1. From the set of residues in the range 63-101 that are part of a loop (DSSP other than H, G, I, E, B) and touching a helix residue (DSSP H, G or I) at 6+ places or on another chain (Cβ under 9 Å), which is farthest from residue 139 (Cα to Cα)?
2. List the helices (runs of 4 or more DSSP H) that sit entirely inside the range 116-155 and contain at least 2 residues that are buried (at least 17 other Cβ atoms within 10 Å of the Cβ) and at pLDDT 90 or above.
3. Look at residue 46 and say whether it is out of contact with any strand residue (DSSP E or B) (no Cβ under 6 Å at 6 or more places or on another chain) and closer than 18 Å to residue 133 by Cα.
4. Being closer than 18 Å to residue 131 by Cα and modelled with pLDDT of 95 or more narrows it down to one of 70, 109, 38, 23, so name that one.
5. Would you pick out the residues in the range 102-119 that are without any contact (Cβ under 8 Å) to a residue 12 or more places away in the chain and in contact with a helix residue (DSSP H, G or I) (Cβ under 7 Å, 6 or more places away or on another chain)?
6. Do we find a residue being surrounded by fewer than 18 Cβ atoms within 10 Å (Cβ to Cβ) and either under 30 Å from residue 144 (Cβ atoms) or in contact (Cβ under 8 Å) with a residue 40 or more places away in the chain (or both) anywhere in the range 60-67?
7. Taking residue 48 as the residue in question, decide whether it is within 16 Å of residue 109 (Cα to Cα), at pLDDT 95 or above and surrounded by 12 or more Cβ atoms within 10 Å (Cβ to Cβ).
């Protein structure tokens, strides 16, 4: 998204690269979730295991994505992985953990489009697809000293 791009560019290094990669990884994950033409069994497997792709050199995820830009991102995911691997180990750990949590959470809602029936279920879905982004960003900011570590600890 252009709005994220402008904000990310204002961040100091190494936070800039970490947040950018976090965004691209989660954009890739979300692209899998959003592709309604992708078979549900394959989608569940890919969502649950997406974080493993962060260790795969030359990773290319083909035929997934409901828009051309998303397909290009996933087909060239190895470029994201290359930069991910260059990040500080703590940043990698945060991104990997939040990606794993989000992917696993998304699987609970595959095939249930339009059928989130309770407020608790809706809140849990929002936690998976938005709250974990916030938790991850807080952890990244805390690691580089731009946010109070106590804020991250109390999530």
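1. 63
2. Here the list reads 132-143.
3. Spelling it out, it is not the case that residue 46 is out of contact with any strand residue (DSSP E or B) (no Cβ under 6 Å at 6 or more places or on another chain) and closer than 18 Å to residue 133 by Cα.
4. Criteria check complete, one pass: 23.
5. Within the range 102-119, just 116 meets the criteria.
6. no
7. yes
The values are calculated or read from the model by the stated rules, or taken from the named source; none is laboratory data. No experiment lies behind these values; they were computed from the predicted model shown. A quick note on method: Cβ atoms are made from the backbone with ideal geometry, for glycine too, and the neighbour counts reach across all protein chains shown.
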